[in-house]
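Data block below; observations after.
The values are calculated or read from the model by the stated rules, or taken from the named source; none is laboratory data. A quick note: this is a predicted structure, and the numbers were derived from the prediction, not measured. A quick note on method: Cβ atoms are made from the backbone with ideal geometry, for glycine too, and the neighbour counts reach across all protein chains shown.
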Amino acid sequence: MKEEVIVLSNIAKHYKVGAEIVKALRTITLTIYKNEYVALMGPSGSGKSTLMNILGCLDTPTSGQYILNKNDVSKLGDNELAEIRNKEIGFVFQTFNLLPRSSALENVMLPLIYAGINKGTRMERAQKCLADVNLSDRVTHKPNELSGGQRQRVAVARALVNNPSIILADEPTGNLDSKTSIEIMGLFEEIHQKGNTIIVVTHEEDIARHAHRIIRLIDGEVASDEINPNIRKMSDYLVEQNA
């Protein structure tokens, strides 16, 4: 039996803009299971960023229920949400969000500091995560000494370091060239194969094709939720390049 990681029931999010109520999310009901690889798609204004913020415990819904790893996080306060975020969710952002004056190792260790992990364990786990993304030779480098692809690899290592329930990636290749984008998606493929649950928020069809399930939003509602019959794999690119 598949294990539920995320269960959303009738999730809505409304904002008040002046005298007007904007319904960013109308009613979202969906379940994401352990070790799924999901792409969340939708045009501008579809509600995908709002949904990502709720999934990432960066915001709370106006109504509805959000169960994350059997915990109801729908009504939690800011401090409780921050604790859940640090423990359960690994974030990868389009803009990397690395501390510019800190080394790759220090950036990756950051979530462990918030979690109260001792320094020795922090260094060991951070070094392992950097090795897992092929950056063992860059641990002392600061972000401005790294390429865009390397910076994103540091961000992926930081997302993995707390062994989170889900990896939530927001347009992870948005600032990368096509070759580096392929490398990063290959990295996500490897992470998924190791058992991680991955949710990628993207507007790019090429990126979404790497996911095993594609959810499309329109006007704050799920327009379609389908298994991807033609998963794009790293091996496909290697075959094309050698053709």
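Inside segment 75-98, can you point out the residues that are outside any strand (DSSP E or B) and in contact (Cβ under 8 Å) with a residue 40 or more places away in the chain?
The answer is Asn86, Lys87, Glu88, Gln94, Thr95, Phe96, Asn97, Leu98.
Looking at segment 1-69, what strands (runs of 3 or more DSSP E) fall wholly within it and have at least 1 residues that are modelled with pLDDT under 95? So that I can check it myself, show each step before the final result.
Working: elements: 4-17, 20-33, 37-41, 63-68.
Because the criterion is at least 1 residues that are modelled with pLDDT under 95, the strands (runs of 3 or more DSSP E) in segment 1-69 that meet it are 4-17, 20-33.
Considering every residue within segment 4-22, establish whether at least one is surrounded by 14 or more Cβ atoms within 10 Å (Cβ to Cβ), within 16 Å of Ala223 (Cα to Cα) and charged (D, E, K, R).
no
Can you say whether Leu8 is more than 17 Å from Ile199 (Cβ to Cβ), in contact (Cβ under 8 Å) with a residue 24 or more places away in the chain and aliphatic (A, V, I, L, M), as far as the supplied structure shows?
no
Let me confirm something: among Gly42, Gly64, Gly90, Gly77, which residue is out of contact with any His (no Cβ under 7 Å at 6 or more places or on another chain), surrounded by fewer than 21 Cβ atoms within 10 Å (Cβ to Cβ) and either over 14 Å from Ser9 (Cβ atoms) or of a type in the set (D, E, K, R) (or both)?
Working: Gly42 fails: surrounded by fewer than 21 Cβ atoms within 10 Å (Cβ to Cβ); Gly64 fails: either over 14 Å from Ser9 (Cβ atoms) or of a type in the set (D, E, K, R) (or both); Gly90 fails: surrounded by fewer than 21 Cβ atoms within 10 Å (Cβ to Cβ).
Only one candidate qualifies: Gly77.
When segment 154-172 is examined, which residues are found to be out of contact with any helix residue (DSSP H, G or I) (no Cβ under 7 Å at 6 or more places or on another chain) and either among the hydroxyl-bearing types (Ser, Thr, Tyr) or closer than 17 Å to Ser102 by Cβ (or both)?
Listed by number, the residues that qualify are Ala155, Ala159.
What number of residues in segment 213-242 are at pLDDT 85 or above and outside any strand (DSSP E or B)?
The total comes to 8.
Val92 - would you say it is within 25 Å of Asn175 (Cα to Cα) and modelled with pLDDT of 95 or more?
So Val92 fails the test.
Inspect segment 109-124 for any residue being more than 20 Å from Glu183 (Cβ to Cβ), out of contact with any Asp or Glu (no Cβ under 6 Å at 6 or more places or on another chain), modelled with pLDDT of 95 or more and not in a helix (DSSP H, G or I) and give the result as yes or no.
Within segment 109-124 (the criterion being more than 20 Å from Glu183 (Cβ to Cβ), out of contact with any Asp or Glu (no Cβ under 6 Å at 6 or more places or on another chain), modelled with pLDDT of 95 or more and not in a helix (DSSP H, G or I)), the answer is no, since none of the residues qualifies.
Would you please list the contacts, defined by Cβ atoms under 6 Å and residues six or more apart or on different chains, that run from a residue in segment 35-47 that is at positive phi to a residue that is exposed (fewer than 15 other Cβ atoms within 10 Å of the Cβ) and of a type outside the set (Asp, Glu)?
Qualifying pairs under 6 Å: Asn35/Gly195.
Which of the residues belonging to segment 122-137 are buried (at least 20 other Cβ atoms within 10 Å of the Cβ) and touching a residue at least 24 places away in the same chain (Cβ under 8 Å)?
Step one: list which residues in segment 122-137 are buried (at least 20 other Cβ atoms within 10 Å of the Cβ), which gives 122, 125-126, 129-130, 133, 135.
Of everything in segment 122-137, those that are buried (at least 20 other Cβ atoms within 10 Å of the Cβ) and touching a residue at least 24 places away in the same chain (Cβ under 8 Å) turn out to be Arg125, Ala126, Cys129, Leu130, Val133, Leu135.
Here's the yes/no breakdown for (1) polar (S, T, N, Q); (2) over 22 Å from Leu99 (Cβ atoms):
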site	(1), (2)
Asp132	no, no
Thr180	yes, no
Glu189	no, yes
Asp219	no, yes
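State all residues of segment 154-186 that are assigned to a helix (DSSP H, G or I) and small (Gly, Ala, Ser); if no residue qualifies, say none.
Within segment 154-186, Ala155, Ala157, Ala159, Ser178, Ser181, Gly186 meet the criteria.
Any chance you could count how many residues in segment 167-179 are surrounded by 24 or more Cβ atoms within 10 Å (Cβ to Cβ) and aliphatic (A, V, I, L, M)?
Residues in segment 167-179 being surrounded by 24 or more Cβ atoms within 10 Å (Cβ to Cβ) and aliphatic (A, V, I, L, M): 2 in total.
Tyr37 fails exactly one of the following numbered conditions: (1) crowded, with 21+ Cβ neighbours inside 10 Å; (2) more than 24 Å from Ile207 (Cβ to Cβ); (3) not basic (Lys, Arg). What is the number of that condition?
For Tyr37, the failing item is (2).
From Glu189, Glu171, which residue is touching a His at 6+ places or on another chain (Cβ under 9 Å) and on the phi > 0 side of the Ramachandran plot?
None of the other options fit; the residue is Glu171.
Would you mind finding the one in Glu106, Glu80 that is acidic (Asp, Glu), at pLDDT 95 or above and either over 17 Å from the mean Cα position of the chain (by Cα) or within 30 Å of Ala223 (Cβ to Cβ) (or both)?
Working: Glu80 fails: at pLDDT 95 or above.
Exactly one of Glu106, Glu80 is acidic (Asp, Glu), at pLDDT 95 or above and either over 17 Å from the mean Cα position of the chain (by Cα) or within 30 Å of Ala223 (Cβ to Cβ) (or both), namely Glu106.
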